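I have placed the structure first, in the form of structure tokens, so that the comments after it can refer back to it.
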Amino acid sequence: MQFHIENMTCFGCARSVTKAIQSVDKAAVVTADPENRKIEVETSAARAEIEAVLAEAGYPALRDAA
């Protein structure tokens with residue numbers, strides 16, 4: 001899954017995003033690109049769960065069309 005996270009602007013934000021996702025799926029692999037404000041997530045969790053936990057953490061995500 002890929003997401004665009006507009007307010008993920010630094011590696012500290014990327015760590016917070018990763019921590020939020022891994023609170024739903026500890027085995028999730030998150031590849032963050034703060035410069036382009038994108039993440040790629042390999043997880044068994046549902047997309048809706050990831051979107052909800054990101055929004056709760058203050059990093060609402062948009063689905064990345066690319």
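The values are calculated or read from the model by the stated rules, or taken from the named source; none is laboratory data. Quantities reported herein were computed from a predicted structural model and do not represent experimental measurements. Just the protein is used for accessible areas: all its heavy atoms, side chains included, with ligands, DNA and RNA removed. Shrake-Rupley method; radii C 1.70, N 1.55, O 1.52, S 1.80 Å.
Worth pointing out:
- Taking all protein chains into account, the per residue accessible area for the stretch 1-50 stands at 58 Å² (1.4 Å probe).
- Descending semi-axes in whole angstrom, ellipsoid equivalent of the chain, from the Cα gyration tensor: 16, 12, 11
- Largest GNM mean-square fluctuation among ALA20, ALA45, ALA32, using the chain with Cα springs under 10 Å: ALA45.
- For the chain, the carbon plus sulfur part of the accessible surface works out to 51%, probe radius 1.4 Å.
- Rounded to the nearest 10 degrees, the inclination of helix 11-24 to the longest alpha-carbon principal axis of the chain is 10 degrees.
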